[in-house]
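Worksheet: one structure, shown below.
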Amino acid sequence: MWKVTPLKSCILTILDKRGGVLLEGDLENPLRDMYGDFSDSELNKALMTLENQGLIHVSWISKKRRRIHKMTKDMGFLAVGED
């Protein structure tokens, strides 16, 4: 069955509601309420796509915890080799 709203749009909406920064664990419950059921690979693909588009930045806090930060117009991260 097709979902009405794409997973990427739901992630951005939740980030907007939460001030632009949250942990991956804090994202999963609101995302399930808004989007429905999804797999870890679907979430990882959506996060990677958003990060490649420059809309978010995902960083590792520990081995199993990630921080998701919504990018603003005045923010920027250097690509590999641009330092």
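Derivation of every value follows stated rules applied to the coordinates shown; laboratory data play no part. It should be emphasised that the depicted structure is a prediction, and the values quoted were computed from it without experimental measurement. Glycine gets a Cβ as well: all are built from the backbone with ideal geometry, and neighbour counts include every protein chain shown.
What stretch of the chain, leaving out the sites themselves, is the longest with no trypsin sites (Lys or Arg not before Pro) in a DSSP loop having at most 16 other Cβ atoms within 10 Å?
19-62
Suppose every Lys and Arg Cβ carries +1 and every Asp and Glu Cβ carries -1, with no other charges. What dipole size does the stretch 1-66 come out with about its Cα centre, to the nearest 20 debye?
With only Lys, Arg, Asp and Glu charged at Cβ, the dipole is about 140 debye.
List, in order, the whole-Hz ³J(HN,Hα) value for each residue of the stretch 37-53 obtained from phi through the Karplus relation with A = 6.51, B = -1.76, C = 1.60 and θ = phi - 60°; use x for Gly and Pro.
With the stated coefficients, the stretch 37-53 comes to 7, 8, 9, 4, 5, 5, 5, 4, 5, 5, 5, 5, 5, 5, 6, 5, 7 Hz.
List the GluC sites (Glu not before Pro) within the stretch 8-82 that fall in a DSSP loop (any state other than H, G, I, E or B) and whose Cβ has at most 10 other Cβ atoms within 10 Å.
GLU82
Mind pulling the angle between the C-alpha long axis of helix 24-35 and the longest principal axis of the chain? Nearest 10 degrees, somewhere in 0 to 90.
In the chain, helix 24-35 runs at an angle near 40 degrees to the longest axis.
In the stretch 1-66, which chymotrypsin sites (Phe, Trp or Tyr not before Pro) fall in coil by DSSP and have 14 or fewer other Cβ atoms within 10 Å?
Numbers: sites: TRP2, TYR35, PHE38, TRP60; in loops: TRP2, PHE38.
Those satisfying the criteria are TRP2.
Quick check: net charge around GLY20, other residues with Cβ under 12 Å of its Cβ, Lys/Arg +1 and Asp/Glu -1? Show your work: numbers first, answer last.
On the way: positive: LYS17, ARG18, ARG67, LYS70; negative: ASP16.
Net charge in that neighbourhood comes out at +3.
I need the Kirkwood Rh of the chain: take the reciprocal of the average 1/r across all distinct C-alpha pairs and report it in angstrom.
One decimal place: 13.4 Å for the Kirkwood radius.
From the phi angles alone, apply the Karplus equation (6.51, -1.76, 1.60; θ = phi - 60°) to the stretch 6-12 and give each ³J(HN,Hα) in whole Hz, x where the residue is Gly or Pro.
For the stretch 6-12, the Karplus curve yields x, 4, 4, 5, 5, 4, 5 Hz.
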